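Down below is the structure, laid out as structure tokens.
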Amino acid sequence: MQAFSGPYWHPANQRGFILDWDGVLAETKLDFTPIYDRFFGGKRVMILEEAVRLPATERDALYEAIEKIEVEGAEKAKPVLGALELISWLEKNDIPWAVVSRNTKKCVAMAAKRASIKLPPIVITRDDGLLKPDPQVFIKASELLEIPWYQCVVIGDFLYDIVGARRACMRAVLVRRANEEWSNWADVAYNEVIDLFYALGNPQPLIPWEYQPVVRKRGFKWLERAFGLTVKLVGDDAFEILAKLAAMGVGSFCIDNEVRLEADRWRNSPYIDPKYLWEPLDKVVSDFLIKRFPLAKVVSDGEVLDLPCGMSESISFIEELLSR
């Protein structure tokens, strides 16, 4: 695959793929409107999560109604446009992939047989006790794939897929619902799965989710220049400055690997988990960046900018530098 330098990414460069089932691979046309109307007064709720609040007899009736809809969908399943091509691309490029679904194993297997879709070795359903958008289901998938979570991408057609991916700190691709108001939760959105397939065959650099706000505000050139900077973090407010500068697009941070996160510095950064106390500072910063700004990196040398002391002074310094 083509690797992109700078603040860019593409799903074609991710090492592991985690795919939704209904709507991404199998067209089952599941419609839970009767469930909402019958059990929840027409409210669009998270059905399986809300089921536990119902009386036992009503809950049993709900599960029976859900299974009826899912079985009917599985019995008439067909491949989503582009699904077979996507699977073929993954296999041709030796990219491990998994299916994660809120459906049951029984219905996924039925739909796969009906639609002649080859399932991967890793299929995680609600029978396994984890439900999207719980991030642990995606983390589990990455562990089974033996691919680091930050090198995986989630492909989904619904909010639960995208929220779950964001919670798991994974790249998120939305298909078939590119015009939804929540589509901006995804790194990139495609109108159809076949469009994703075409994009994988001809990858063009994409702005990742974490840098889209700064590009909207300041433009592509700003981001490219900011990403090329390396700054040295000093002072008790270093983590606040780190978060601000990383959001502005700064791509490298120079950290003294001999320094540890001492109590006073941690106390001034209350959002840093206590588990990092007395850990090497470069590890603490690396762990922070990999979850929020995975393209940014920690360095120990190179051409480094020394920042002035203080949050506002540091921000003004970088803004002035990049505005020249």
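The values are calculated or read from the model by the stated rules, or taken from the named source; none is laboratory data. Since the model is a prediction, treat every value here as computed from it, not as a measurement. Reconstructed Cβ throughout: ideal geometry from the backbone, glycine too, with neighbour counts over all protein chains shown. SASA here: full protein model, heavy atoms, side chains in, ligands and nucleic acids out. Shrake-Rupley method; radii C 1.70, N 1.55, O 1.52, S 1.80 Å.
Based on what the data block shows, is V285 surrounded by fewer than 19 Cβ atoms within 10 Å (Cβ to Cβ), touching a residue at least 12 places away in the same chain (Cβ under 8 Å) and among the β-branched types (V, I, T)? Considered against the rule, which asks whether it is surrounded by fewer than 19 Cβ atoms within 10 Å (Cβ to Cβ), touching a residue at least 12 places away in the same chain (Cβ under 8 Å) and among the β-branched types (V, I, T), V285 comes out as no.
In the set K140, K132, K217, only one residue is assigned to a helix (DSSP H, G or I), under 28 Å from A109 (Cβ atoms) and not polar (S, T, N, Q); that residue is K140. Here V215, V231, V188 are screened, and the one residue that is buried (at least 16 other Cβ atoms within 10 Å of the Cβ), free of Cβ contacts under 8 Å to residues at least 60 places away in the same chain and among the β-branched types (V, I, T) is V215. Taking the conditions (1) within 22 Å of the chain's Cα centre (by Cα); (2) open to solvent by 20 Å² or more (accessible area, probe 1.4 Å) in turn, R44 satisfies each one other than (1). For residues that are closer than 26 Å to C169 by Cα and open to solvent by 50 Å² or more (accessible area, probe 1.4 Å), scanning just the range 296-324, find the one that is modelled with the highest pLDDT. The selected residue is K297. Restricting the search to strands (runs of 3 or more DSSP E) fully inside the range 151-206 and requiring at least 2 residues that are closer than 26 Å to A3 by Cα and in contact with a Phe, Trp or Tyr (Cβ under 8 Å, 6 or more places away or on another chain) gives 152-156, 171-175. Out of all the residues in the range 247-256, is one or more under 20 Å from I155 (Cα atoms) and in contact with a strand residue (DSSP E or B) (Cβ under 9 Å, 6 or more places away or on another chain)? Scanning the range 247-256, I find no residue that is under 20 Å from I155 (Cα atoms) and in contact with a strand residue (DSSP E or B) (Cβ under 9 Å, 6 or more places away or on another chain), so the answer is no. Filtering the range 1-31 to residues that are of a type outside the set (F, W, Y) and either in a helix (DSSP H, G or I) or closer than 30 Å to W222 by Cβ (or both) leaves M1, Q2, A3, S5, G6, P7, H10, P11, A12, N13, Q14, R15.
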